[in-house]
1. Summing Lys, Arg as +1 and Asp, Glu as -1, what charge do residues with Cβ under 15 Å from the Cβ of ALA79 carry, ALA79 excluded?
2. Pairs on different chains or at least eight residues apart, Cα atoms closer than 15 Å: how many lysine pairs in the chain fit?
3. Would you calculate the separation in nanometres between label points at GLN83 and ARG191, each defined as 7 Å from the Cα along the Cα-to-beta-carbon direction?
4. Please label the shape of the range 1-113 as rounded, prolate or oblate, based on the square roots a ≥ b ≥ c of the eigenvalues of the alpha-carbon gyration tensor (a/c under 1.5 means rounded; beyond that, a/b larger than b/c means prolate, else oblate).
5. Could you tell me which of rounded, prolate or oblate describes the range 81-191, using a ≥ b ≥ c as the square roots of the eigenvalues of the alpha-carbon gyration tensor, with rounded for a/c under 1.5 and, failing that, prolate when a/b is larger than b/c and oblate otherwise?
6. Would you list SER110, SER16, SER24 from fewest to most Cβ contacts within 10 Å?
7. When Lys and Arg each count +1 and Asp and Glu each count -1, what net charge do the other residues less than 11 Å away from LYS21, Cβ to Cβ, add up to?
8. Along the charge dipole of the range 51-113, Cβ charges K/R +1 and D/E -1, which of GLY102, THR56, PRO75 sits furthest on the positive end?
Amino acid sequence: MELLEERIRRDGVVKSEGVLKVDSFLNHQLDIDLFDAMGEEFKRLFADAPITKILTIEASGIGIACVVARHFGVPVVFAKKAQSINLDGEMFTTRIESFTHGRVYDVIVSKKFLNADDHVLIIDDFLANGCALNGLIELVGEAGATVEGIGIAIEKGFQPGGDDLRERGYRLESLAIVERMDPETGEIAFR
Ligand code: 5GP
C-alpha cells in the first residue's frame, strides 16, 4: 500500500536489532485518516470472506482493529495480557512471547466473545517472528472458530513469521512488507 510505505519512509525510525519505530502515526500518536485508508484496503482484500469478528491483541493492535472493524461492520475482540490465569474454564488462554519486550505473557479471551460460528479476521500492527499471531490463531482454534485471514499493517519480511504463516496456508495480507532496513543510514526498502 503506497500511502503506508510513503509514511514509513518519511516518519519511520530504524532502530538496531530489527525494530522499526512508527510512534508518530501507528504506535503512540495515531493517524486515523491513515488507519481508515488501511481499513478500506483490508475490506477490499477480504471482500469475499464472511468475517463475523475482528481479533487483535492489546495494546497496539486495538486502534487499527477498531477502524478496520468499521469497514466490516463487525465487533472487535482483543486478547488481554493477563497477570495470572484464572482457571475457571471461562477463558481461552495461550502464551505469547513479546518481540519488543522479550518476555512471555499469558493472554486470554473470554469464551463469551468467541465461538465456533465465528469467522475471524486477525489484525495486528506488526508481524516479526509470528509469536503474537500464532497465539491468536491458537485462541481461535480453542474456540472452534475459523481463521478467515490475517491483516497486518507492517510485516518485516526479513524476519520469519510471515513466510512461515503463508507456508502453512494462511491467507495473510500485509499492507507494507519491509525487506531491508539499515539502522546506520535509516534506509528502508520494501518487497
Ligand atoms: P512477533 O510476535 O511477530 O514476533 O512480533 C509482533 C508483535 O511485536 C507486534 O504485535 C508488535 O507489537 C511488536 N513488534 C514486532 N516488531 C516490531 C517493530 O519493529 N516495531 C514495533 N513498533 N513493534 C514491533
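FYI, it's all coordinate maths here, none of it is from the lab. Everything numeric in this text was worked out from a predicted model, so none of it was measured. Positions of Cβ are generated from backbone atoms using ideal geometry, with glycine treated the same way; all protein chains shown enter the neighbour counts.
1. Net charge in that neighbourhood comes out at -3.
2. 7
3. Result: 4.0 nm between the two label points.
4. Oblate is the answer for the range 1-113, as a/c is 1.5 or above yet b/c matches or exceeds a/b.
5. Because a/c hits 1.5 or more and a/b fails to exceed b/c, the range 81-191 counts as oblate.
6. Going from sparsest to densest Cβ surroundings: SER16, SER110, SER24.
7. Details: positive: LYS15; negative: ASP11, ASP23.
Once positives and negatives cancel, what remains is -1.
8. Of the candidates, PRO75 comes out farthest on the positive side.
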